[in-house]
Each structure stands twice: as structure tokens, then as C-alpha cells.
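Notes for the one structure printed next.
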Amino acid sequence: MLYHLLLQTVKTQQSAGVSPGQPHLLHYDLDDGYEKAINDLSQAAKGRSLYVIADEVGSEYSVDYRINNLQTLCQLLLTQVPRLHVWAASCFNAYTPAGWQVEYLTRPLRSPPAIVREVEQDARITGHHVVLPYSARGVADHTDGPPVTRLYHRGQGHSGSFPVYCVTCGREVASFLHSLRVGVTGRSTTTSTTLTSTSVGTTPPCLQWRDVLVLYWDNVSNQSGVVTGLQEAGIPVRVMTDDDIEDVATARSDVVWVARGLRVRGLERKVVVCLENPDTRFFRFEHFERYDFTTPRLDLMSRCTSQLVTVSPSG
């Protein structure tokens, strides 16, 4: 997403007669070593300044290890490119590279208060203290945002261990999306609290399918019950694969994407459906942190800018 935003900026500047540089999207697995990254980047610099932006540093496995990888890469790069400028972003405040200048950005500008209250209950904020708590927003809240809609995997017709496996859960999610008039041509007839991206007193534009994300902590298959339920209800739904990353980031296709939460870090959608499991997936490994897997609040709910829907295994 950051790459595409930079591309748009470059195109705007070029149309105004300015000749800026060109952004390049590079993929490296630093677990395999640093040689390729150093060679590519130093050759690209050609003795000039080099600007590197590393977003979402860290991963579901051993956050400190990943950030140390980045620090090592930068130290090696400095021997080849003296005029090196690096910006790195991570929500994990406990793993700052030694000697780096740090800015803490904690104002909740993405989501309305109703969503912020859900996210800030995450154990990595309240218990493990590896993610800083929110600070004051600093700007007025026009509304509290739409209340969180809570659906439950229980009762007649529900099947499977968890919501992700349940066709009925998929149908209930579809029913709620239809109630929001998602995909309806024309202007929405819902209240001004349905979409917080518009000012008070104006009628928000109709929601589109591309405004919706369905997120789970693990991978989801096309055969998952929740996907089948959405399809049966007429929802244009696709399960995200590696080949779809650019499509999802730019919201090019007007479909509801179903994705693993870790794969959409940094992206925003107006409507987010969070498929939950009981918190039985957190384990402690000898060499890994205890919070090394996706949590519904920090990683999934925080993607939402307006209407949050949770689907829980029980009350």
C-alpha cells in the first residue's frame, strides 16, 4: 500500500513538471542472509544517497529477532552506502534498535472510539506491555462510531468447531452485510454513523464490497464453511493468496476479501468481520515470545475504520 501511495505521489509531481525519484518495491528474506539485499541496494545508490522505508518490522515469530535482522542489515549497508537514510515502523515498542532515534505514534486516528475501546483491551497492550497504549486522539470525535455487531457460533444450524468452519455463520455475516446495503447501487439510506469517513449531517456514499474484509488468525481455504455461506448468500467473495496481495492493497477488485490477519497489516477497511477462536492458540516456546501469533484485537479489529463485526464461538 505504501508503495502504491508513493507511486501516486510521483505521478502527481511528474504531471506538475517535477522529476522526482522512482520508488522500488523490494522483497528480501533476511533469514537467508544479507548479501543480495546489500548488493542490490548499494548498486542502486551508486555513490548517492539511499532512502529505505521498512514498514511493519517484526512478525508473528520472535519480534526481537526480526528487528535485529534489520539493524544488522543497516549496519552492513552503512559500510557500502555512507549516505543512508532508513525509516522503520513497528507496533512493538519493546524492541527498539540501540542508538536509533525513536518517535512514538500512539494517537488513534484510524478508528472511531467504539473500535479503539475493543483494540486497547489486547493483552499485548494491557498485559505484556510490548505495544504502547493509545494516547489522546487530540481531535474531536464527531460520533462514537457504529456499535460493534456481535454474532455467535451457537444455536440451531451451526456446525464445526469454530465460526470459520460454519456455513451458518457465513450466512449470518452475509445477512448483516446486506442490511448495511453493501453493493447496492446509488446512495445509502443508512444513518450517518454507518460510515465515519463522512462529516456529520451528510449522507454517506453506498458501501461497496471492496470496503469489507473478513479476517481470521490463520489461513482460510475456499472450502471453509464461512466462505461457502457467504457465497450461498450472493456475496462476491475471494480468499486471498500470495498472487492477490497487490489487488487487496489497492482494493482493485470489488469483492469481499477473506484473509489471514497477518497478511493485511497496515491496510484499512470500513467494514471488518473478525472470525474468532477461543484463546487456546497461544503457546510458549523456548526460543519464541509468548505472543507470537495473531490476536483478534490488535491484528484484526484494528484494521477497521467504521463497522466492526465479531463472530465468536460462544457468548
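Things to note:
- The lone criterion from (1) farther than 18 Å from Ser302 by Cβ; (2) part of a helix (DSSP H, G or I) left unmet by Ala98 is number (2).
- Meeting the requirement of 2 or more residues that are modelled with pLDDT of 95 or more and either open to solvent by 10 Å² or more (accessible area, probe 1.4 Å) or of a type in the set (Ser, Thr, Tyr) (or both), the strands (runs of 3 or more DSSP E) wholly within segment 203-315 are 237-239, 269-275, 304-312.
- Residue in segment 135-145 that is of a type in the set (Asp, Glu), within 22 Å of Arg269 (Cβ to Cβ), more than 22 Å from the chain's Cα centre (by Cα) and assigned to a loop (DSSP other than H, G, I, E, B) present: yes
- Count of residues meeting criterion [over 22 Å from Ser42 (Cα atoms), at pLDDT 90 or above and open to solvent by less than 80 Å² (accessible area, probe 1.4 Å)] in segment 82-107: 2
- Matching residues in segment 108-118 - criterion: being under 15 Å from Asp299 (Cα atoms), open to solvent by 80 Å² or more (accessible area, probe 1.4 Å) and under 16 Å from the mean Cα position of the chain (by Cα): Arg110
- Residue in segment 65-81 that is outside any helix (DSSP H, G or I), within 22 Å of Val264 (Cα to Cα) and either open to solvent by 90 Å² or more (accessible area, probe 1.4 Å) or of a type outside the set (Gly, Ala, Ser) (or both) present: no
- Test for Arg124: is it modelled with pLDDT of 95 or more, among the charged types (D, E, K, R) and closer than 27 Å to Lys270 by Cβ: no
- Failed item, numbered, when Gln121 is tested on (1) open to solvent by 30 Å² or more (accessible area, probe 1.4 Å); (2) free of Cβ contacts under 8 Å to residues at least 40 places away in the same chain; (3) closer than 17 Å to Ser302 by Cβ; (4) in contact with a helix residue (DSSP H, G or I) (Cβ under 7 Å, 6 or more places away or on another chain): (2)
- The set of residues in segment 124-134 being open to solvent by less than 60 Å² (accessible area, probe 1.4 Å) and either acidic (Asp, Glu) or assigned to a loop (DSSP other than H, G, I, E, B) (or both) consists of Gly127, Val130, Val131.
- Contact map, segment 129-152: residues that are at pLDDT 90 or above paired with residues that are assigned to a strand (DSSP E or B), Cβ distance under 6 Å, separation 6+ or inter-chain. Pairs shown: Pro146/Gln307; Val148/Leu308; Thr149/Val309; Arg150/Thr310; Leu151/Val311; Tyr152/Ser312.
- Checked against the criteria, Leu180 counts as open to solvent by 10 Å² or more (accessible area, probe 1.4 Å), at pLDDT 90 or above and either hydroxyl-bearing (Ser, Thr, Tyr) or under 21 Å from Ala114 (Cβ atoms) (or both).
- Counted residues, segment 55-78 - those being in contact with a helix residue (DSSP H, G or I) (Cβ under 9 Å, 6 or more places away or on another chain) and at pLDDT 85 or above: 4
- Residues that are within 31 Å of the chain's Cα centre (by Cα) and loosely packed, with under 10 Cβ neighbours inside 10 Å within segment 22-50 comprise Gln22, His27, Asp29, Asp31, Asp32, Glu35, listed in sequence order.
The values are calculated or read from the model by the stated rules, or taken from the named source; none is laboratory data. Note that the coordinates shown come from a computational prediction; the quantities given were computed from them, not determined experimentally. Every residue, glycine as well, gets a Cβ built from its backbone with ideal geometry; the counts of neighbours run over all protein chains shown. Just the protein is used for accessible areas: all its heavy atoms, side chains included, with ligands, DNA and RNA removed. Shrake-Rupley method; radii C 1.70, N 1.55, O 1.52, S 1.80 Å.
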